[in-house]
Amino acid sequence: MVKAGERVTVGRRERKKEETRRAILSAAANLFSQRGYEASSIDEIAEAADVAKRTLYNNFESKEQIVLALRCQYFEALIEKAIEQAASAKSPLSVVEGFVVDSVRW
């Protein structure tokens, strides 16, 4: 258990795994935006991310899981943006409206 004030160090293996995961998500996002979801294959995503297909499957079970991870990533960014806007004295209604509009855009 980590106590307050203690630093958590992430090992090289965990950092590498997170880098690989980000590369896969980035490659998938680019392919989906260029070609669309249906026209983008797992093989193409793995190639664009410069990872083996097996490595991709070690991180994500399916193309659907990649989309869900991208969606979660997007919503996390939206939530952070809304929190920042709420802290900057923006009206709560405009923060909520912006969040809804941005979430529908995805």
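Could you list, in sequence order, the residues of the stretch 72-106 that are under 30 Å from residue 38 (Cβ atoms) and in a loop (DSSP other than H, G, I, E, B)?
Passing the criteria: only 106.
Among all residue pairs at least 6 apart or on different chains, which show Cβ distances below 7 Å where the first residue, located in the stretch 1-20, is closer than 20 Å to residue 46 by Cα and the second is modelled with pLDDT of 65 or more?
Within 7 Å, the pairs are 20/51; 20/55; 20/59.
Got at least one residue in the stretch 73-90 being touching a residue at least 40 places away in the same chain (Cβ under 8 Å), surrounded by fewer than 17 Cβ atoms within 10 Å (Cβ to Cβ) and of a type outside the set (Ser, Thr, Tyr)?
Within the stretch 73-90, one or more residues are touching a residue at least 40 places away in the same chain (Cβ under 8 Å), surrounded by fewer than 17 Cβ atoms within 10 Å (Cβ to Cβ) and of a type outside the set (Ser, Thr, Tyr).
Select from the stretch 32-71 the residues that are closer than 18 Å to residue 18 by Cα, open to solvent by 60 Å² or more (accessible area, probe 1.4 Å), in a helix (DSSP H, G or I) and at pLDDT 95 or above and list them in ascending order.
47, 48, 53, 54, 57, 58, 65, 68, listed by residue number.
The values are calculated or read from the model by the stated rules, or taken from the named source; none is laboratory data. Worth saying up front: this structure is predicted, and the values here are computed from it rather than measured. Neighbour counts run over all protein chains shown; Cβ positions are idealised from the backbone, glycine included. Heavy atoms of the whole protein, side chains included, go into the accessibility calculation; ligands, DNA and RNA do not. Shrake-Rupley method; radii C 1.70, N 1.55, O 1.52, S 1.80 Å.
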